[in-house]
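The values are calculated or read from the model by the stated rules, or taken from the named source; none is laboratory data. Not measured: the values here are computed from a predicted model. In this analysis, Cβ positions are derived from the backbone assuming ideal geometry, glycine residues included, and neighbour counts consider all displayed protein chains.
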Amino acid sequence: MNHLTIALSKGRIFDETLPLLAAADIVPAENPESSRKLIIETNHDNIRLVIVRASDVPTYVQYGAADFGIAGKDVLIEHGGEGLYQPLDLKIAACKMMVAVREGFDYQAAAQAGSRLRVATKYPNIAAAHFAAKGVHVDIIKLYGSMELAPLVGLSDAIVDLVSTGSTLRANRLQAVEHIVDISSRLVVNKAALKTKHDLIEPIIQTFAKAIV
Ligand code: ATP
Ligand code: MG
């Protein structure tokens, strides 16, 4: 019997994936928020979930340690998508990749072609491509979280980060000044597994496709 390993991250992606899994009759045996287990069994003997960091999902799937997974477009653009088949936009965990600055900061003046801007972000590839396309020279400062702090303490002029409601920006007196790309999560499938485990994976893709809202 073929086995299936599905890579998911905790939090919003896990929560928003549960209904899709349920539509495919896949029910996790435990909740990763309360369990410390990184491998979660399901109601099927041959299907298990592995709980990994959101940004590590493409890597597990690329190398076949997981047959498929669900990852944000932000993570997929940064990763590059090598070895991954991306059949579905699941329309979950929707947000926007934006440029934000301190309230009152004159971004238009600072981002004139020819000037130099310091940009802090967890997404150096997306940020670099965005500013290169605008002809704005940037120094990218790689951070792993709490990007909102960087402009407040003079680490950077701007940040490139995900924005949904904007309440985190407002709470830190920042404002979004440029939209880069709309983000949502995608189903990513290991290209080899799609062939060798086609009979198991294809019906799940079809069921997910019908369950997208
Ligand atoms: P960690 O929080 O452990 O550093 P992470 O930020 O990558 O990791 P999540 O916050 O769960 O993990 O985000 C996972 C995915 O959800 C992101 O890659 C993105 O696609 C999406 N996402 C992130 N923030 C938001 C948001 N505010 N609203 C909607 N979707 C979001
Ligand atoms: Mg987060």
Any pair with Cβ under 7 angstrom, 6 or more apart, that starts in segment 7-21 at a residue that is within 16 Å of ligand 2 (Cβ to nearest atom) and ends at one that is charged (D, E, K, R) and outside any strand (DSSP E or B): S9/R53; K10/E33
Looking only at segment 25-55, filter to residues that are crowded, with 19+ Cβ neighbours inside 10 Å and closer than 22 Å to G83 by Cβ; which one of those is nearest to the chain's Cα centre (by Cα)? A54
Quick check on segment 83-95. Is at least one of its residues modelled with pLDDT under 95 and under 30 Å from P203 (Cα atoms)? yes
Checking V181, V163 in turn, the sole residue that is within 20 Å of A54 (Cα to Cα) and either charged (D, E, K, R) or away from ligand 2 (no atom under 16 Å from the Cβ) (or both) turns out to be V181
Residue pairs qualifying under the 6 Å Cβ cut-off, at least six apart or on distinct chains, with the first in segment 52-74 being more than 14 Å from ligand 2 (Cβ to nearest atom) and the second being modelled with pLDDT under 95 and assigned to a strand (DSSP E or B), are none
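For segment 116-126, check the following and say yes or no: at least one residue is in the same structural domain as L149 (by TED's automatic domain parsing), among the basic types (K, R) and within 15 Å of ligand 1 (Cβ to nearest atom). Before you say what the answer is, go through the steps one by one.
First pass over segment 116-126, keeping only residues in the same structural domain as L149 (by TED's automatic domain parsing): 116-126.
Checking which are among the basic types (K, R) leaves us with 116, 118, 122.
Next, only the ones that are within 15 Å of ligand 1 (Cβ to nearest atom) stay: 122.
Looking through segment 116-126, at least one residue is in the same structural domain as L149 (by TED's automatic domain parsing), among the basic types (K, R) and within 15 Å of ligand 1 (Cβ to nearest atom).
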Residue count, segment 85-97, condition more than 20 Å from I47 (Cβ to Cβ) and away from ligand 2 (no atom under 15 Å from the Cβ), comes to 3
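Just a yes or no: is a residue in segment 188-204 under 18 Å from E78 (Cβ atoms), outside the structural domain of T59 (by TED's automatic domain parsing) and touching a strand residue (DSSP E or B) at 6+ places or on another chain (Cβ under 7 Å)?
no
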